[in-house]
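One structure is given below, encoded as structure tokens.
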Amino acid sequence: METSTRRIHLLGVTANPTGSWATQQARDLLMAFDNRVDQVKFLIRDTDAKFTDAFEAVLASEGIQVRLTPVRAPRANAYIEPWIGGCRRELLDRTLILNARHLRQVLAEYEKHFNTHRPHRALGQAAPLRPLPESIHPDGKVIRLDRLGGAIHEYTQVA
């Protein structure tokens, strides 16, 4: 999660994460940042053994410093922990996941919802990739868009 914009980047899904898998995810993250990688200063992570020296070397090659959260302190990362809880409550607790491919599809849809529609208090009720729309007449019609078979609802006012 980019803390300044609250934008989420979901990179990979695996049942057995390893050090080499995590290192590849770091490379994928740098590619996702494209030409904005120079704006990234820190990556906050936990102390899991899958984050090897190679993982940190990939990030250090772009000047990104790795910061560790304290051991046994799940609330130490005040940005991503609420997202994880919301993803579980709003999506994963309500969806029967069939396999890894299905999980990737469901998470990609949730990522799109989170980044383009869901309002954030820290952003003045805007979404990470969408500014607030211009005010529309208070009596305007509101339509609902269902995502993920109705597990998530998005509301939009139309003229």
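The values are calculated or read from the model by the stated rules, or taken from the named source; none is laboratory data. Just so we're clear, the structure is a prediction, and the values are computed from it rather than from any experiment. All Cβ positions, glycine included, derive from the backbone under ideal geometry; neighbour counts span all protein chains shown.
Of all residues in the range 3-30, those that are within 16 Å of the chain's Cα centre (by Cα) and either assigned to a helix (DSSP H, G or I) or among the acidic types (Asp, Glu) (or both) total 5.
Of the residues making up the range 81-120, those that are more than 17 Å from Leu11 (Cβ to Cβ) and β-branched (Val, Ile, Thr) number 3.
Tell me whether the range 88-95 contains one or more residues that are outside any helix (DSSP H, G or I) and either touching a Phe, Trp or Tyr at 6+ places or on another chain (Cβ under 7 Å) or under 23 Å from Ala126 (Cβ atoms) (or both). Within the range 88-95, one or more residues are outside any helix (DSSP H, G or I) and either touching a Phe, Trp or Tyr at 6+ places or on another chain (Cβ under 7 Å) or under 23 Å from Ala126 (Cβ atoms) (or both). Here Thr116, Thr52 are screened, and the one residue that is in contact with a Lys or Arg (Cβ under 8 Å, 6 or more places away or on another chain), hydroxyl-bearing (Ser, Thr, Tyr) and at pLDDT 85 or above is Thr116.
Filter the range 70-80 down to residues that are part of a loop (DSSP other than H, G, I, E, B) and under 18 Å from Ile8 (Cβ atoms), then give me how many there are.
Qualifying residue count for the region: 3.
Screening the range 55-69 for residues that are assigned to a loop (DSSP other than H, G, I, E, B) and surrounded by 11 or more Cβ atoms within 10 Å (Cβ to Cβ) and picking the one that is modelled with the lowest pLDDT gives Thr69. Against the condition of a type in the set (Val, Ile, Thr) and without any contact (Cβ under 8 Å) to a residue 60 or more places away in the chain, how does Val40 come out, does it pass? The answer is yes for Val40.
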